[in-house]
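**Student:** The structure under discussion is supplied below as C-alpha cells; questions concerning it will follow.
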C-alpha cells in the first residue's frame, strides 16, 4: 500500500518524541491500526494528526455505540443487581452501585469497549517525557446538575478525596503507588497536572471510567450523595428507593449534546433468573449484565439481542509457591497442563470467552504478546513433570466461592487433576467466608494452599500484574516471590510506548508460564441482554451502561 | 374468669418480651460469628485495608461488640431501631416498608389457602376412604413437596411470559390501587398456597376424623341433632383446634421466610431484607428484621392460643389449673 508520508510529515514536526515514536511504529508495520489508535488515545494524541493518519491509511471502523435508530423520548427499563449499600462515589464497589453513579456522573476520560480512550470531561491529555506528570485540559462550560460550572478545583478535590487513606475510598487500592493525596495540581481554571508517585504509561486509564469511583464531583461535596446526586452526567435523578429501584430524567444541559431517552428506569434484582424472565416477558428492555449460567434461554431467543464485549474478567486458580504440595514449579505446571481449556470455555460459557495463558495478559489488551505459545492440555507432559518432581500424586483441598460458574469450574479442575494422581476435594464457601478479613492470616482467599478467586475486568493489566503476583502484592494468594518478575512489572508499568510494553509483556508471559503460580484458564466476555427493539445502549465491561443514545421500540 | 384472662395475658406478654430479648442476644452473638465486617462487605474484598478501617470507624463498627450492642439496646428502649450500617440511614423506614409488603403477601396467600385447604381437609374426612379423599390427600402431599422456586418459575412462565396476563414482578408501581396491588400479588401467592395447602388440609382432615369418632359426636348424633348442626357445633369446633395452631406456626414462614419467592418476584419483603443484612453484617438492620418477625410470630401464637381457648373453654386460664 503506498503511504503518503507527505501528508503526515508536516504535522509530525509538532509532535513530541513519544508521539513520533508511536507514528514510527505504525509506519514500520509493528503496530496495527487498531493498536495505534488505542495507544494514541492513551498518550493523548488526537486532532489533526489522527485525522491525517486516517486519511493516509484509509478510514477505520470504530466499534462505538451503534447509532440509535428508534424513536426518541422513550423510557428505557433496565434490570440490574441491587446496590450493596449507600450510593456514595467514594465507597461504592459493586456493579449496581457504580451503575447508578455513572448515570448522573461523568469521568475525565471514557474507556470505550475496545479499550480506546475518548475525551469526556477532559478534552486532551499528555505525559511529560518519562510519564511521571500527566497534564489534562478540561472541557469548558460544563455544568453540574446544581448549576455550578465545572472547574479545575472540582477535579483536584475529587482526586484528593479518592486518594486520601482517611476517606474510606474504594479507589485507594487503584491509586496505591500511583497517585497520592495532594499531587493533583491546578495549573489554571481548566488545566490540571497529576504528579505521579512513579512513572506510569497507562495513567489516563486510572482517571477514566475504568476507575468507577472517579466521577467528578463538586469541590464542596459533603459525603451525602443520595441527597443531591449532583454530577455532570446525561441524566438527573428523579427518584431513588434503596433496594427497589431508581429513575432518571434527561439532563437538557448535558455537554455531550441531546440525550435521546426522556427517562430511564432501573429495577433492582437479587438474582439473575427473575431478570431473564422479566426481559422475556417484555417488562424490561435491558438486563445490564448476564452470565451464561441460567441465561442459556436468552442466547437463543429470537427477540433478544446479546451485546458481547471482549473483557479481562477471569478467575485466578492460585497454588501457594511457599508450601507443599505446590512449592515445586513442575507440579504447578503439571496441574495447569491437565486443563482442557477450549472444552472448559465451551462448557461454561458456550464459547463466549477467550482462552487464558496463565498470565494476566488477556487477549483484549493491546500490550499482550500474542506470539507466546498458548498452553494446551498435555497429560503426558504433565505426568512426566510429576515424575521429575518425584511426586506420585497427593490429596489437596481446593477452596473457592459460591459465585457464578466457579463451583462448576472447580469440579472440572477436580476431574482433570485426577488424571495425574492429584485428588482434589472441594471446599466451596460463601463469598464473605472465602474472603474473610481479606488480609494475610485471616482469609481463606489469601491463606489457602490451593484456591480460586473471581477478578473483574480492568482496562489495563497493571493492577492485575502487581497486586496478585508481586512479592509485596496485597492480593498475592499464591505467595509468589520472584525479583525478576517484580522488576519486569515495574518496567512494564513505567513503559509509555506500546512496543516496549509488548516486549516486556512477552517476557512476563514466558516467566509466568514457567513458574505458573496462578492458572488463568479463561477471560470471559461481558454480556448484556436487550430486547431487539432497543438500540444505541452501550455497556462497558466494568458494568456501566451508557444510555444517552439509547432508544426502545 | 376475667382475672384469669388478665393474668394469663400479663404472663404471656412478659414471657414474650423475655423471648424477644433472648432472641436479640442470640442474633447478636450469631452475627459476631459470621466472617468479615461491614466495611469490608461494603467496599469489597479488594479494597485497601486502610479504607476498610476508615469506613468501619465512620460507621462505629470498630467499637467493641458489647458497646455496640448496649448502644443499640439503649436506642430500642427509646423507641429507636437504629441506623443501617450499609445504607447509612435509619432502619425503621426499611423495616416498615418491607413489613407492610410481607404482610400484604402473607394476607393474600392466607386468604386463598386457609379456606381452601380447610374445606378440602374436611371434605376428605367426611368421605374418608373414598376416591375423593384419596385425590385430595394425594394432591396435597404432592404439592407440598414442590419447591417454591419450581412452582414460582412455572407460574411466571405460564401467566407472565406466555399468556402475559399477570405481571412478573410483585412490586406494584407507585400509586397503584388495592386491586392493582392484589393483581401483582396473585402469582407470588401461588407458590405459598402450593406449599401450605397439603399441610393444612392434612391437619384439618385428621382433626375432623378424630372429632367424628369422638364420643361427644356420637352422643350428638344419637340425640337426633341434624347432621349440619353436629358438624358445625361439635365436629368443626374441635377439629379445627390443631389446624389453627398449625396455621399460626406458619406465620413466621409466611412473613419472614419467603426469601426465594421474594427474590424471584422482585418483592422487597422482610425475608430478603434479613438475608442481605446478614450477608452485609448490617447488625442493626439484622436485629430489627429478626425481632420484627419474632414479635409477629409471638403475637400470632398468642392470638391462636386465645382463639383455641374460646373454641374450647376447657383450656381457659383457671380451668386447667
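**Student:** Could you state the principal axis extents of the C-alpha atoms in chain A, from the largest down, to the nearest angstrom?
**Tutor:** Reported extents, whole Å, longest axis first: 70, 58, 51.
**Student:** What number, in percent, do you get for the relative contact order of chain A if the mean sequence gap of Cα pairs under 8 Å and at least 6 apart is divided by its residue count?
**Tutor:** This gives 20 percent for chain A.
**Student:** For segment A:435-553, what does the relative contact order come out to in percent, with C-alpha contacts under 8 Å and a separation of six or more?
**Tutor:** Value for segment A:435-553: 14 percent.
**Student:** What fraction of the DSSP beta bridges in the protein assembly as shown is antiparallel, stated in percent and rounded to the nearest 5?
**Tutor:** Roughly 75 percent of the DSSP beta bridges within the protein assembly as shown come out antiparallel.
**Student:** Is it possible to state the helix-based mean residue ellipticity at 222 nm for chain A, with each DSSP H run of 4+ residues giving -39500 (n - 2.57), the sum divided by total residues, to the nearest 500 deg cm²/dmol? What is it?
**Tutor:** It lands at -8500 deg cm²/dmol.
**Student:** How far apart, in nm, are two points set 7 Å out from the Cα along the Cα-to-Cβ line at residue A:187 and at residue A:402?
**Tutor:** For the pair residue A:187/residue A:402, the computed spacing is 5.4 nm.
**Student:** Starting from the Cα-Cα distance between residue B:183 and residue B:100, subtract it from 0.36 nm times their residue separation and give me the gain in nm to one decimal.
**Tutor:** Taking residue B:183 through residue B:100 to full extension adds about 28.2 nm, to one decimal.
**Student:** Taking a ≥ b ≥ c as the square roots of the eigenvalues of the Cα gyration tensor of segment B:205-312, is the shape rounded (a/c under 1.5), prolate (a/b larger than b/c) or oblate?
**Tutor:** prolate
**Student:** For segment A:282-347 and segment B:239-277, compute the distance between their C-alpha centroids and round to whole Å.
**Tutor:** Here the two parts' Cα centres lie 36 Å apart.
**Student:** If I model a spin label at residue B:80 and residue B:5 as a point 7 Å from the Cα along the Cα→Cβ vector, what separation in nanometres do I get?
**Tutor:** 3.9 nm
**Student:** Would you mind telling me which residue in B:202, B:227, B:183 has the biggest mean-square fluctuation in a Gaussian network model of chain B, where springs connect alpha carbons within a distance under 10 angstrom?
**Tutor:** Checking each option, the largest mean-square fluctuation is seen for B:227.
**Student:** Test of understanding: ordering A:479, A:195, A:318, B:78 by Cβ neighbours within 10 Å, fewest first, what list do you get?
**Tutor:** The fewest-first ordering by Cβ neighbours comes to B:78, A:195, A:479, A:318.
**Student:** Could you order peptides A:528-541, A:335-348 by the average number of other Cβ atoms within 10 Å of their residues, highest first?
**Tutor:** By packing density, highest mean first, the sequence is A:528-541, A:335-348.
**Student:** With chain B treated as a Gaussian network of Cα nodes joined by springs under 10 Å, which of B:104, B:223, B:281 yields the largest mean-square fluctuation?
**Tutor:** Result for chain B, Cα springs under 10 Å: B:223 fluctuates most.
**Student:** Return the whole-Å distance between the Cα centroid of segment A:246-279 and the Cα centroid of segment A:416-456.
**Tutor:** Answer, in whole Å: 37.
**Student:** GNM on chain B, C-alpha springs below 10 Å: top fluctuator among B:40, B:88, B:205?
**Tutor:** Of B:40, B:88, B:205, the Gaussian network model singles out B:88 as fluctuating most.
**Student:** With runs of 4+ DSSP H residues as the only contributors, calculate the mean residue ellipticity of chain B at 222 nm using -39,500 (n - 2.57) per run, divided by the residue total and rounded to the nearest 500.
**Tutor:** So the helix-based figure for chain B works out to -23500 deg cm²/dmol.
**Student:** May I ask for the angle, rounded to the nearest 10°, between helix A:498-515 and the longest principal axis of chain A, with both axes built from Cα atoms and the value confined to 0 to 90°?
**Tutor:** 30 degrees
**Student:** On a 0 to 90° scale, report how tilted helix A:33-42 is relative to the longest principal axis of chain A, with both axes built from alpha carbons and the result rounded to the nearest 10.
**Tutor:** Tilt of helix A:33-42: around 70 degrees.
**Student:** For a protection proxy built on the mean count of beta-carbon atoms within 10 angstrom, sort B:137-147, A:198-208 highest first, please.
**Tutor:** The peptides rank, most packed first, as A:198-208, B:137-147.
**Student:** What average count of beta carbons from other chains do you get within 10 Å of the Cβ of residues in B:23-36?
**Tutor:** Mean shielding count: 2.
**Student:** Another question, then. Once a ≥ b ≥ c are taken as the square roots of the eigenvalues of the Cα gyration tensor of segment A:246-379, is the result rounded (a/c under 1.5), prolate (a/b larger than b/c) or oblate (a/b not larger than b/c)?
**Tutor:** prolate
**Student:** Measure nothing but the geometry: give the 0 to 90° angle between the long axis through the Cα atoms of B:91-126 and the longest principal axis through the Cα atoms of chain B, rounded to 10°.
**Tutor:** Helix B:91-126 sits at roughly 20 degrees to that axis.
**Student:** If you don't mind, another one. Given contacts defined as C-alpha pairs under 8 Å and at least six residues apart, what's the relative contact order of segment A:330-401, whole-number percent?
**Tutor:** Relative contact order, segment A:330-401: 42 percent.
**Student:** While we're on this one: Give me A:290, A:323, B:76 sorted ascending by neighbouring Cβ count inside 10 Å, so fewest comes first.
**Tutor:** A:323, B:76, A:290
**Student:** Additional query: To make sure I understand, if each residue's beta carbon is the centre and we count other beta carbons within 10 Å, what order do A:115, B:22 fall in, fewest to most?
**Tutor:** Arranged by neighbour count, lowest to highest, A:115, B:22 become B:22, A:115.
Here, each number is a calculation from the coordinates, and none is a lab measurement. Bear in mind that the values here come from a model prediction, so they are computed numbers and not experimental data. So basically every Cβ, Gly included, is an ideal-geometry build from the backbone, and we count neighbours across all protein chains shown.
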